[in-house]
Amino acid sequence: MRKKVARLLKEQDGAAAVIMALFIVVATGFAGLAIDIGYLEISKYKIQTAVDAACLAAAQELPDTGMAAQKAREYAAANGLDPSTLTLEFSDNNRQVTVSAHQDIKPYFMPLFGIDNLRVGSRGAARAGVAPHVFAYSLFSGSASEELRFSGNGLTVDGSVHTNHNFRVSGNHIIVTRVSEACGTIRSRE
């Protein structure tokens with residue numbers, strides 16, 4: 001029995017080298033996978049940055065969708081993204097823009113496993129105008145000593161009006177679409 005065990009141990013010479021070679025191949029595969037995943041994350045971050053810049057630039061031009069699209073493409077290109085990959089969608093009466101983009105990424109090690117291309121994309125949205133509850137007034141007067149005067153015919157204020165004194169309105173067909181508020185009085189005279 002002892003001779004059989006001794007012979008079996010002698011026949012396993014070099015087995016450690018084979019196991020080590022297999023381990024190196026597997027470890028290299030995992031390292032390559034980690035490098036490719038890191039590369040994809042960096043690519044996604046760069047695309048998201050370009051989409052965010054394009055989206056914010058476009059929102060500043062709304063409701064002019066033509067100018068908004070032009071600005072979005074300019075800012076995408078300035079941030080290293082091919083403008084032809086942008087998709088723009090306008091909503092809420094052309095007061096909101098949604099920008100999405102994609103890019104095909106060629107990984108370094110995944111082609112060894114048959115994956116030659118990966119599509120990475122990102123999406124962002126922005127609205128034109130003031131964010132709600134931040135400072136949502138179209139007209140604002142912080143003076144406690146001078147009244148806010150608004151006069152004319154056929155005028156519309158798209159938003160709210162606030163004054164720390166009196167608010168005086170004179171004219172015909174004047175519309176404030178939201179709230180008119182004053183620390184003093186509100187007077188209307190035609």
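Only a single criterion out of (1) in a loop (DSSP other than H, G, I, E, B); (2) under 20 Å from residue 46 (Cβ atoms); (3) more than 17 Å from the chain's Cα centre (by Cα) is not satisfied by residue 116, namely (2).
Looking at region 159-185 only, could you name the residues that are in a strand (DSSP E or B) and surrounded by fewer than 15 Cβ atoms within 10 Å (Cβ to Cβ)? Within region 159-185, 170, 171, 172, 175, 181 qualify.
Is there a residue being part of a strand (DSSP E or B), within 32 Å of the chain's Cα centre (by Cα) and more than 27 Å from residue 34 (Cα to Cα) anywhere in region 99-110? Checked against the condition, which is being part of a strand (DSSP E or B), within 32 Å of the chain's Cα centre (by Cα) and more than 27 Å from residue 34 (Cα to Cα), region 99-110 yields at least one hit.
For residue 110, the requirement of being more than 30 Å from residue 181 (Cβ to Cβ) and modelled with pLDDT under 90 is met. When region 32-90 is filtered for residues that are of a type in the set (D, E, K, R) and either assigned to a helix (DSSP H, G or I) or closer than 15 Å to residue 124 by Cα (or both), the ones remaining, listed by number, are 36, 41, 44, 46, 52, 61, 71, 73, 74, 89. Of 76, 128, all but one fail to be under 30 Å from residue 37 (Cβ atoms) and in contact (Cβ under 8 Å) with a residue 24 or more places away in the chain; the exception is 76. Within region 27-35, the presence of a residue that is surrounded by 15 or more Cβ atoms within 10 Å (Cβ to Cβ) and among the polar types (S, T, N, Q) is excluded.
The values are calculated or read from the model by the stated rules, or taken from the named source; none is laboratory data. In this text, all values refer to a predicted model and were calculated from it rather than measured experimentally. Please note: Cβ atoms are built from the backbone with ideal geometry, for glycine as well, and neighbour counts cover all protein chains shown.
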